[in-house]
Amino acid sequence: MNHHHRRTRLLLGLAALAAPALLTACGAEKSADADTAAGDPTSTSTVAAGLTTAALLTDDDTLYSDGADWFRTSAFEGDGQDAFNPCAAESLEGTGATSVVRADFELRNTEDPSAEVTGDFFVQVAGEYDDAAAAEKAWSTVNGWLEECTNRADGVSEYRALQTRKVDVPGADAVLTDSHYGPVPKELDEFGDAAYIMETGVLRKGNRITVLTSVIIGQDYNFLDGTPVERMLVPAGERLGQG
């Protein structure tokens with residue numbers, strides 16, 4: 001993929017970041033199934049309404065850039081122990097989903113597998129609703145959270161939604177929001193000019209929605225062939241119909 005990064009060192013080599021803790025602090029409602037999280041990425045266990053982890057992205061579907069990629073570390077039923085997005089006011093179950101599955105991913109340096117990459121994260125959740133109208137309402141609700149991020153986590157004092165745009169996904173409604181939040185701790189930002197760069201893709205297909213949240217530390221980026229989440233929304237739409 002053609003892309004340009006400023007300060008790639010920040011993206012692939014910076015020491016541990018507190019972003020997962022920020023997610024935990026968001027205060028989202030927790031699913032009763034949160035403690036059933038399974039680490040086996042191939043799991044396809046069925047939840048109440050029939051939504052399975054087959055609706056989630058796999059390692060073959062994910063991408064980031066030359067020299068780095070996302071790898072799934074878990075896939076399970078329920079909303080999980082922490083919020084799926086720093087701006088989430090509640091879980092998908094809280095928005096009316098009758099069935100929820102989730103996957104968590106970590107970024108790895110594919111050119112040098114021994115290089116430790118910590119802090120950057122990617123989360124996907126998918127929810128099934130009683131009907132398409134309920135799913136569309138939840139889709140709009142999640143997109144609304146990203147506009148101002150009024151329910152942001154403790155420690156997130158700065159938030160800016162840069163742009164929101166539609167993404168063409170066959171048979172689905174998909175929107176992508178680019179945003180920055182902070183501050184980044186001084187020990188993780190040597191020059192004081194970095195931010196948490198977040199991409200959030202929200203897609204509805206029939207009576208199901210899925211939310212893709214990618215967060216890295218850096219300044220800015222320019223992916224000439226489309227951003228990672230933008231490109232992953234297409235396979236996410238395909239997977240959503242399979243689960």
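The values are calculated or read from the model by the stated rules, or taken from the named source; none is laboratory data. Everything quoted here is computed from the prediction, not taken from an experiment. Glycine gets a Cβ as well: all are built from the backbone with ideal geometry, and neighbour counts include every protein chain shown. Heads up: the accessible areas ignore ligands, DNA and RNA and are worked out on the full protein's heavy atoms, side chains in. Shrake-Rupley method; radii C 1.70, N 1.55, O 1.52, S 1.80 Å.
Tally up the carbon and sulfur contribution to the accessible surface of region 162-243 as a whole percent, 1.4 Å probe, everything protein left in place.
The C+S portion of the solvent-accessible surface of region 162-243 is 46 percent.
Report the full-extension gain for the segment Lys186 to Asp66: residue separation times 0.36 nm, less the Cα-Cα distance, to one decimal in nm.
40.4 nm is the gain from fully extending Lys186 to Asp66.
How much area per residue is accessible in region 132-219 when the probe is 1.4 Å and only protein heavy atoms are counted (Å²)?
Heavy-atom accessible area per residue stands at 45 Å².
Over region 57-110, average the accessible area per residue using a 1.4 Å probe and give it in Å², no decimals.
With the other protein chains kept in place, region 57-110 gives 29 Å² per residue.
Could you derive backbone 3J(HN,Hα) for region 99-110 from the dihedral phi with the Karplus parameters 6.51, -1.76 and 1.60 (θ = phi - 60°), listing whole Hz in sequence and x where the residue is Gly or Pro?
Once rounded to whole Hz, the list reads 8, 9, 10, 9, 9, 10, 10, 10, 8, 10, 7, 7.
Using all alpha carbons of region 121-191, what is the percent of pairwise distances in each 5 Å bin, ordered from the shortest bin to the longest?
3, 12, 18, 22, 18, 12, 8, 4, 2, 1
What FRET efficiency comes out for the pair Asp131/Thr58, r = Cβ-Cβ distance, R0 = 35 Å, nearest 0.05?
0.80
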